[in-house]
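Input: a single structure, listed below in C-alpha cells.
Values quoted throughout were computed directly from the atomic coordinates according to the rules given, and no laboratory measurement underlies them. Computed from a predicted model, the values in this text were never measured in an experiment. Because the Cβ atoms are built from the backbone with ideal geometry, glycine has one as well, and the counts that use them run over all protein chains shown.
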Amino acid sequence: MEELTGEEVASLHSKYVMQSWHKQGGPVKPIKKADGIYFWDYDGKRYTDMSSLLVCSNLGHELPEIVDAIKEQTDKMCFMAPAYASEPKSRLAKMLVDVADPDFYQRVFFTNGGADSNENAIKMARMVTGRPKIFSCYRSYHGSTIGASNASGDWRRFATELGGSAPGFVHFMNPNMYEDGYTRGVDDAAVTADYLHRLDEQLQYEGPDSVAAILMESIVGANGVILPPEGYMEGVRALCDKYGILMICDEVMAGFCRTGKMFAWQNFDIKPDMFTFAKGVTCGYVPLGGVVVSKQISDYFTDHVLQCGLTYSGHTLACAAGVAAVNYYLEHDVCAHVKEMEGILKPFLESMVEKHKCVGEARCIGLFSALTIVKNKETRELMAPYHTPNSVMPQIMAKLMDLGFSTFGRETNINICPPLIITAEQLEEELPKLDKVLTWVDENLCD
C-alpha cells in the first residue's frame, strides 16, 4: 500500500476520525515516527515528548525489548479467549502481585485500559460489600465510561450526567493546598485535619453503612499532579477501616515507577484494598489495564461468581508487552533512575517559582510534576480558573510546541511528565525551553 503524505493523513483524520475532547473537523498535526523520548512530524520537525504523550509512554517510544516481545508473541499466538490460560497473562499477573506485595495482594483482573479498570473495581466493591455508594474526589479523573465518568470529578463527567447522574456516586472535595490558600510543608497538619473532618462528616450524612468504596487517584494526575498533604492518604485509609469501606487507588497515570516507586500508593503508609492500572504497564504499545485485588477480595470471589468480563480481558499480545515492560522496570532499576532525575527536575521547577511571576507553585515527585500558572502571584489569581471559557492556556501550550517541547495541561496547570528513560543531558536541553515560554507569559499575560 502506498504511503500517505502528511497532508493526506491530516485530511483523512479531520474528515473521518471522531477526535476525543474536541470539536470535530479542526486542524491536526500528523506524526510520522517516534523513537526514545522524541517524535517527528511529516516535515521532519522533532518534538520532545515531555508528557509521555498522555503520561503513558513511560519507557519512551519503540523500546526494543517491548517491540521484540510483541513480535515474538505474534508468531506464537496473538489472542486467546479469557477463559483459557496463556503464558503472558499468567506471568504478568504474578509479576504484578509480586511487585505490589504478595503477602497482601492475590489476583489481577485484566481489562483493556484505565476507564474499564476503574469501572470493574467499582463493580467488585459493590459486589463484595453489598453497598451501593462510591465516594470519589471532585479534583479527579477516572475515565470516560459511564461508571468511571460518574466517579470523575472534573467537568469531563458533565456529558455523562445528561438525563441525571448514575445512582450511588458521591463526590467530596480533596485538598489542593496552593489553590486553597495554604503553604505546603507548613500547613499540612491543619489541612489534613480539616479535610478528613469534612470527609468523615459527609460519610455520616450519606450513611457510612451504605458506602462500598472510596475511589481516589493515589496522586491526582491530569488535574495538576496534586500532591496530598502529609497524613491525608493515611487518614482516608483510617476512615475506610473505621466504617468497613474499601479503598481503591487509581494508579492509571501515577503507576509504574512514575513517582520513583513502582506504584504511587507506596509513597504513603497505606495498602489499598484494590488498585487499578493501565498506561505504563505496556507504555501504550498495546492497550491493557487491570485491577489488583487483596487476598480478602480474592477470597470473596473464590466463593462467589465474579460478574465482570471483557472479550479481551488479559489480551495475549498486550500481556506479552506488559511482561516485557515490567521486566525492564525491574532489571534497569527505573525507580532509582527516576529519583535521580527528580534531583534535576524538581530544583529547576522550584527555581521557576522564584524567577517567574506567572508560576504560583511547583509540585514534583519522581518525574510526575506540574506548575500552577497564575495571573497574579500576590493574590493567587489563577491564569485559568476551573472550567473557564476562552482560556489562554492553549496559547502557552502552543508556544511550548513551537519550541519542540510537547506537553499538556488542564485548567491552570502545565504538566511535565517525561518518559522515565530521559537522561540528565536531555532534561538540561529541554528545560530552558520551558523557562523561555514562562518569560513570555510573564511579559504578556500576567498583571
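Here Cys446, Cys137, Cys417 are placed in order of increasing Cβ neighbour count within 10 Å, fewest first, which gives Cys446, Cys137, Cys417. Taking only alpha carbon atoms, the stretch 65-332 gives an Rg to Rh ratio of 0.97, where Rh is the Kirkwood radius. In the chain, the DSSP-assigned H stretches of four residues or longer account for a calculated mean residue ellipticity at 222 nm of -12000 deg cm²/dmol, using -39500 (n - 2.57) per stretch and the full residue count as denominator. Rounded to the nearest angstrom and listed largest first, the equivalent-ellipsoid semi-axes of the stretch 69-200 from its Cα gyration tensor are 35, 21, 16. Computed over the stretch 218-344, the percent of Cα pairs more than 17 Å apart is 65. For Lys436, the lysines whose Cα comes closer than 30 Å to its Cα, not counting residues fewer than 8 places off in the same chain, are Lys29, Lys32, Lys33, Lys45, Lys339, Lys346, Lys355, Lys357, Lys375, Lys377, Lys399. Here the mean projected area of the convex hull built on the C-alpha positions of the chain is 22.1 nm².
Could you pull out every whole DSSP H run in the chain that spans at least 18 Å of Cα extent along its own axis and averages 0.5 or higher on the Kyte-Doolittle scale? Length and hydropathy pass: 316-331. Checking every one of the GluC sites (Glu not before Pro) in the stretch 377-447 against DSSP loop status and a limit of 12 other Cβ atoms within 10 Å picks out Glu378. For the stretch 303-344, the C-alpha radius of gyration divided by 2.2 N^0.38 Å, with N the number of residues, is 1.84. Exposure proxy ranking for Tyr386, Tyr285, based on other Cβ atoms within 10 angstrom of each Cβ and starting from the fewest, stands as Tyr386, Tyr285.
Counting only the Cα atoms, the stretch 1-133 fills a convex hull of 209 Å³ per residue.
Checking the table Lys242/Lys279; Lys123/Lys279; Lys71/Lys279 against a 26 Å threshold on Cα-Cα, which pairs fail? Write out the running numbers ahead of the final one.
Working: Lys242/Lys279 32 Å; Lys123/Lys279 21 Å; Lys71/Lys279 20 Å.
Cα-Cα > 26 Å for Lys242/Lys279; rest within.
Taking a Cβ cut-off of under 10 Å around Asp269, the surrounding Lys, Arg, Asp and Glu residues balance to a net charge of +1, with basic ones at +1 and acidic ones at -1.
Of Leu92, Leu203, the sequence from fewest to most neighbouring Cβ atoms within 10 angstrom is Leu203, Leu92. Take every Cα pair under 8 Å whose residues are at least 6 apart in sequence, average their separation, divide by the length of the chain, and the relative contact order is 20 percent.
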